[in-house]
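Chemist: Got a structure for you, written out below as structure tokens; questions coming shortly.
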Number of protein chains: 2
Amino acid sequence: MEKIEIIPLGGIGEFGMNCMGIRYGDEMIVVDAGMGFPEETPFGVDISIPNFDFLEEYRDDLTALILTHGHEDHIGALPYFLKKFNLPVYGSRFTLALAEKRLEEHDLLDSVLLHRVEANDVVEIGSFKIEFIHASHSLVDCFSLAIKTPIGTLIHTGDYKIDDQPVIGKPYDLKTLAKYGDEGVLVLLSDSTNATVAGRTPSEQAVIPAFEEIFAQAAGRIFVATFSSSMHRLQVAFDVAKAFDKKVCVLGRSMEKNVEIAAEHGLLVIPYNTLVALGESRGLPDDEIVYLVTGSQGESRAALANLANGSYKGMEIEKGDTVLLSARIIPGNERAISQLIGNLYKRGANIIEEKRRLIHVSGHASQEDIRIMTETARPKYVVPIHGEYWMLFRHKEFIKNHIEGYSDENVILIENGDTLEIDEFGARISAHSDLEKTFIDQAALDEIDYDIVRERKKLGFSGMISLVVTIDKDTKQLKQEPQITVQGVAGIDPLNGLLETARESIADAVAAMKREEFINKNGAKESLRVHLKRFIQKETGTKPVIVPTIVEV
Amino acid sequence: MEKIEIIPLGGIGEFGMNCMGIRYGDEMIVVDAGMGFPEETPFGVDISIPNFDFLEEYRDDLTALILTHGHEDHIGALPYFLKKFNLPVYGSRFTLALAEKRLEEHDLLDSVLLHRVEANDVVEIGSFKIEFIHASHSLVDCFSLAIKTPIGTLIHTGDYKIDDQPVIGKPYDLKTLAKYGDEGVLVLLSDSTNATVAGRTPSEQAVIPAFEEIFAQAAGRIFVATFSSSMHRLQVAFDVAKAFDKKVCVLGRSMEKNVEIAAEHGLLVIPYNTLVALGESRGLPDDEIVYLVTGSQGESRAALANLANGSYKGMEIEKGDTVLLSARIIPGNERAISQLIGNLYKRGANIIEEKRRLIHVSGHASQEDIRIMTETARPKYVVPIHGEYWMLFRHKEFIKNHIEGYSDENVILIENGDTLEIDEFGARISAHSDLEKTFIDQAALDEIDYDIVRERKKLGFSGMISLVVTIDKDTKQLKQEPQITVQGVAGIDPLNGLLETARESIADAVAAMKREEFINKNGAKESLRVHLKRFIQKETGTKPVIVPTIVEV
């Protein structure tokens, strides 16, 4: 008896790390391999990836990796995935162009097979027949997937909104979706990012009037800060700049790179004689230049932050400049953004935030978009994906309460590591594995064991003390004064004599230890560690990491 | 020629750490001594305080510390202030009751002089004559201050909103304020926390209808999560519980403590036979109990988080429970709260957030409250205080654009460390000192040098390696294999032989060093440190802290 198994590795109950295995018989495809943005950045870890080792069990079944679109939370873990499972990769031209940049950094470009597909292409991968459905989103060249299996069709929405009039490209391809709806859809795997938001998500064109008014009124330079992947927004900035006879200059590495790639692929259309280099831009009158800049999230090393503190190639935001923050605030960045805005105000700039003017729209489906998606696909089962748990939950509530024919039984909440099994008798979670995230060390660009991060957290929280005890190899008596080195510990300073007392205390402890205790050197080190730990805790209240070394001579 | 000097030590351009010196001639009073909440918590630092050392210059001038109200961002640094400057402290009964708890923790209770004052008390402190004006806020027993000096009156609003019908106590005392307005106010130091919000801040009573509906509808237990200092909210919960014949049980240490203190002072009125202990609460039917709990910000150790993960004294949130999140989200807590809500949904609880129902109102003045304040006090100068820079800026914009008689000249933006000098000729910033914050080590409960925090950050970011090299004291040749201990470093594991190679490399380095180089032991250690650092960086890409020790035998 055949069945489909849906196995999310990431992106369920969290923002980022989108990745899902879909299995039929002994074949499995994987949709997306995204990265996450952990809170461990102070500990040298700024990327997390799904626990791909979990897929070892299915190694022989794996046939292909399908990418819905090029955002980091969908392709950022690609190199780490391909190092473990070198599958053929399917994606749009633009998605793969972005992916190639990542693969280059990891020297993988020559060893992987990339299949460029276009909207409405159908590829057969074993028992799976996959059609790529053109999807509208904040990025371009994005897909939803129709995945046909012998026992039913799955629709994976990817990230999407139902944009009837995007700035770049066509509207969401509801016609193809409806074709599948008519044929019968078994499962809809559906984006939940904006499932808590009522109404329709406005079209990417919705920002044009505010851009036009702001560009018309600004007497000085204009800085538009947005995500470097927000292609529709960049196109609007170029188009409106052109309409008002302004030139455009792109600042910030990721922005320059993305503009270049998108323009190469004809996705971003740079109006004739509009783009200028930084040098040329400086020579222009203030009211004739628009800068597109990175750093809308207050990132300390991005162009906008540097422009706000005067460290961007000698250029700085000045009185008379207008700054558009044309992006939403990603939770967690509030403090940095508030700091940034303060700095911009101090420089006398006019700040325009998305809260006050319609200069930003979301790229994700709101509730009425979700209604269109669900009512067009008319799936037997809906499985909310992409979002924190409370968003998935609200997605379910919305569908249950507002779309006819859906109830607790056919809107199914799953978690990372679940196996959702679907066959002719129904749908059930048949297995669950607790999947720990995998973390990537920022400097080593490689996986890092979480135990190492835990050690870093301890070191960072209270500092460390290195203790070196030199003893006679025969008598096990102290040969010289213990050496203590302190890093990051509170309550110890050269003046309060604490180190002196600590050395004496350690000397006493060594003297009191029996000769036999030193036979097990690790045991002896542990005794000294505990002794010094207690001493320091008693004297200072703190619990630094103690690193003991015994030298026997 | 006499002048007033206004010297903010904290709270300007930041949330928290409110503290301001006000000087006339050679006398200075200080208003509030608040703590801040730095981002360095992963590094054992969860409190920051103003740089009180800056006041050393004025030591002989200091006469009194005046507290506006009992929130942590106004009194939390009190012990650290009083250890440096043991001034008499003036505050309301409730403010001082909260302050006493803090002083107790620092064993200071017997050595400080606390003056309890009531609304409309006037105290003379040298040339200052201070009237305490009853202010409405989310807390109770709060004051604005009218500070009379020989050359003019200052109004310091403290934290406030213009609440015409608070749940506890009287409305904001506009009458007294108006009296000063009529006499003439020189400077209004005015709360900016909500200066970006249009309209009036709703009264604390505004939440009652939603509470009533929710309490009426809930079939199971009710959990109200709010700040333990939100006294009006707690009173509403008690009153509405009583009206619906429910008992109330208080969970979480700070909540229990604050309820006790407020009830003792008659500020919180616990309805007869309503409060029950945890044990008794367990025996009640689900629809007869309301729990007031801490943890509205998703704090991992607070009652609500523990109830959501089943670790609160054997009690847990269950299907059928209703949870009210009756507090705003403090920026930075979004992730933790979203996690918390997800966990509560998983347990089957009904979650009610302030975004969806009117179960929370701010304690701070919105723009139309600010209008009332400003038009009643009619000051010559307005100085926005309490808030991030962009809020102060918007406060100024609002007053300039919407209140007659104010312009760039008489709404003055200042920063921490500025001296704002005001005399008959006008107002000017006459001096500025860059004030670094002071940080408090969480474990040592004492000031910590920021250099130590910097060391912790380095340790936490990439880990550490202890290197012990034992050499002959005469020949300076290696006596035994170097000992290396690793903590929190990526890319090193027992299997890849890197430690072995590192030891060999160090041995080579020691052999290559000249005998004379070891005469300066610190220089020799530094050479070895740099050698190992480069080796590790080359091999792993990471830059751990290297802690070298040389043992000479």
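Chemist: A:Q442 - would you say it is more than 7 Å from chain B (Cβ to nearest Cβ) and either surrounded by 18 or more Cβ atoms within 10 Å (Cβ to Cβ) or touching a Cys at 6+ places or on another chain (Cβ under 9 Å) (or both)?
Modeler: For A:Q442, the condition - more than 7 Å from chain B (Cβ to nearest Cβ) and either surrounded by 18 or more Cβ atoms within 10 Å (Cβ to Cβ) or touching a Cys at 6+ places or on another chain (Cβ under 9 Å) (or both) - is met.
Chemist: Moving to a separate point now. Being within 26 Å of B:E552 (Cβ to Cβ), touching a residue at least 40 places away in the same chain (Cβ under 8 Å) and of a type in the set (A, V, I, L, M, F, W, C) is true for just one of A:L499, A:L528. Which residue is that?
Modeler: On the way: A:L499 fails: touching a residue at least 40 places away in the same chain (Cβ under 8 Å).
That would be A:L528, the only listed residue that is within 26 Å of B:E552 (Cβ to Cβ), touching a residue at least 40 places away in the same chain (Cβ under 8 Å) and of a type in the set (A, V, I, L, M, F, W, C).
Chemist: When you scan the stretch B:533-549, do you find a residue that is modelled with pLDDT under 95, closer than 27 Å to A:I452 by Cβ and either open to solvent by less than 10 Å² (accessible area, probe 1.4 Å) or in the same structural domain as B:F43 (by TED's automatic domain parsing) (or both), even just one?
Modeler: There is at least one residue in the stretch B:533-549 that is modelled with pLDDT under 95, closer than 27 Å to A:I452 by Cβ and either open to solvent by less than 10 Å² (accessible area, probe 1.4 Å) or in the same structural domain as B:F43 (by TED's automatic domain parsing) (or both).
Chemist: State yes or no: is B:A377 of a type in the set (A, V, I, L, M, F, W, C) and not assigned by TED's automatic domain parsing to the domain that holds B:G152?
Modeler: Against the criterion (of a type in the set (A, V, I, L, M, F, W, C) and not assigned by TED's automatic domain parsing to the domain that holds B:G152), B:A377 does not qualify.
Chemist: Answer with yes or no whether A:V510 is at pLDDT 90 or above, assigned by TED's automatic domain parsing to the domain that holds A:K538 and touching a helix residue (DSSP H, G or I) at 6+ places or on another chain (Cβ under 8 Å).
Modeler: yes
Chemist: Only residues that are among the basic types (K, R) and either more than 14 Å from chain A (Cβ to nearest Cβ) or in contact with an Asp or Glu (Cβ under 6 Å, 6 or more places away or on another chain) (or both): list them for the stretch B:368-410, please.
Modeler: Result: B:R371, B:R378, B:K380.
Chemist: If you go through the stretch A:496-550 one residue at a time, how many are under 24 Å from A:D474 (Cα atoms), within 14 Å of chain B (Cβ to nearest Cβ) and polar (S, T, N, Q)?
Modeler: Of the residues in the stretch A:496-550, 2 are under 24 Å from A:D474 (Cα atoms), within 14 Å of chain B (Cβ to nearest Cβ) and polar (S, T, N, Q).
Chemist: So which strands (runs of 3 or more DSSP E) stay within the stretch B:220-310 end to end and still have 3 or more residues that are at positive phi, surrounded by 14 or more Cβ atoms within 10 Å (Cβ to Cβ) and of a type in the set (A, V, I, L, M, F, W, C)?
Modeler: So the answer is none; nothing clears 3.
Chemist: When the residues of the stretch A:333-348 are narrowed to those that are at the interface with chain B (Cβ under 7 Å from one of its Cβ atoms) and not hydrophobic (A, V, I, L, M, F, W, C), which ends up surrounded by the most Cβ atoms within 10 Å (Cβ to Cβ)? Even if it seems obvious, please write down each step before you answer.
Modeler: Filtering the stretch A:333-348 for residues at the interface with chain B (Cβ under 7 Å from one of its Cβ atoms) gives A:334-335, A:338, A:341-342, A:345-346.
This time we only want the ones that are not hydrophobic (A, V, I, L, M, F, W, C), so: A:334-335, A:338, A:342, A:345-346.
On the way: A:E334: 18, A:R335: 15, A:S338: 20, A:G342: 20, A:Y345: 23, A:K346: 16.
Once the filter is applied, the top-ranked residue is A:Y345.
Chemist: When you check B:E526 against the structure, is it outside any loop (DSSP other than H, G, I, E, B) and open to solvent by 30 Å² or more (accessible area, probe 1.4 Å), yes or no? Show your work before the answer.
Modeler: Details: outside any loop (DSSP other than H, G, I, E, B): yes; open to solvent by 30 Å² or more (accessible area, probe 1.4 Å): yes.
The answer is yes for B:E526.
Yes/no matrix, rows are residues, columns are (1) over 30 Å from A:A507 (Cβ atoms); (2) touching a residue at least 60 places away in the same chain (Cβ under 8 Å); (3) surrounded by 22 or more Cβ atoms within 10 Å (Cβ to Cβ):
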| site | (1), (2), (3) |
| --- | --- |
| A:H402 | yes, no, no |
| A:V411 | yes, no, yes |
| A:N416 | yes, yes, yes |
| A:G426 | yes, no, no |
| A:I448 | yes, yes, yes |
| A:R456 | yes, yes, yes |
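Chemist: Looking only at the stretch B:34-87, which residues are within 14 Å of chain A (Cβ to nearest Cβ) and on the phi < 0 side of the Ramachandran plot?
Modeler: If the condition is that a residue be within 14 Å of chain A (Cβ to nearest Cβ) and on the phi < 0 side of the Ramachandran plot, then B:G36, B:F37, B:P38, B:E39, B:E40, B:T41, B:P42, B:F43, B:V45, B:D46, B:I47, B:S48 are the ones that fit.
Chemist: Let me ask something else about it. For B:I130, only one of the following conditions fails: (1) in contact (Cβ under 8 Å) with a residue 40 or more places away in the chain; (2) more than 17 Å from B:M17 (Cα to Cα); (3) β-branched (V, I, T); (4) in contact with a Phe, Trp or Tyr (Cβ under 7 Å, 6 or more places away or on another chain). What is its number?
Modeler: (4)
Chemist: For B:I12, all conditions in the list (1) surrounded by fewer than 22 Cβ atoms within 10 Å (Cβ to Cβ); (2) within 14 Å of chain A (Cβ to nearest Cβ) hold save one; what is the number of the exception?
Modeler: Every condition holds for B:I12 apart from (1).
Chemist: Name the residue that is most open to solvent (accessible area, probe 1.4 Å), counting only residues in the stretch B:458-488 that are more than 7 Å from every other protein chain (Cβ to nearest Cβ) and β-branched (V, I, T).
Modeler: Per the stated criteria, the residue is B:T475.
Chemist: Let me ask you something else. Return the residues of the stretch B:400-438 that are in contact with a helix residue (DSSP H, G or I) (Cβ under 8 Å, 6 or more places away or on another chain), outside any loop (DSSP other than H, G, I, E, B) and within 25 Å of A:R335 (Cα to Cα); say none if nothing qualifies.
Modeler: B:T438
Chemist: Taking the stretch A:107-134 on its own, how many of its residues are under 19 Å from A:G181 (Cα atoms) and in a strand (DSSP E or B)?
Modeler: Count: 8.
Chemist: Only one of these is closer than 25 Å to A:E2 by Cβ, open to solvent by 10 Å² or more (accessible area, probe 1.4 Å) and not acidic (D, E): A:S127, A:S111. Name it.
Modeler: A:S127
Chemist: How many residues does the stretch A:135-152 hold that are open to solvent by 10 Å² or more (accessible area, probe 1.4 Å), among the β-branched types (V, I, T) and in a strand (DSSP E or B)?
Modeler: Within the stretch A:135-152, residues that are open to solvent by 10 Å² or more (accessible area, probe 1.4 Å), among the β-branched types (V, I, T) and in a strand (DSSP E or B) number 1.
Chemist: A further question on this structure: Please find, within the stretch B:179-205, the residue that is nearest to B:I370 (Cα to Cα) out of those that are hydrophobic (A, V, I, L, M, F, W, C) and open to solvent by less than 30 Å² (accessible area, probe 1.4 Å).
Modeler: Among residues in the stretch B:179-205 that are hydrophobic (A, V, I, L, M, F, W, C) and open to solvent by less than 30 Å² (accessible area, probe 1.4 Å), the one nearest to B:I370 (Cα to Cα) is B:A195.
Chemist: Filter the stretch B:82-105 down to the residues that are surrounded by 15 or more Cβ atoms within 10 Å (Cβ to Cβ) and in contact with a Pro (Cβ under 8 Å, 6 or more places away or on another chain) and list them by number.
Modeler: B:R102, B:L103
Chemist: Using the structure shown, decide if A:K396 is buried (at least 17 other Cβ atoms within 10 Å of the Cβ) and within 28 Å of the chain's Cα centre (by Cα).
Modeler: Against the criterion (buried (at least 17 other Cβ atoms within 10 Å of the Cβ) and within 28 Å of the chain's Cα centre (by Cα)), A:K396 qualifies.
The values are calculated or read from the model by the stated rules, or taken from the named source; none is laboratory data. What you are looking at is a predicted structure, and each value in this text was computed from that prediction instead of being measured. Every residue, glycine among them, receives a Cβ derived from its backbone with ideal geometry; neighbour counts consider all protein chains shown. The accessibility values were calculated without ligands, DNA or RNA, using every heavy atom of the protein model including side chains. Shrake-Rupley method; radii C 1.70, N 1.55, O 1.52, S 1.80 Å.
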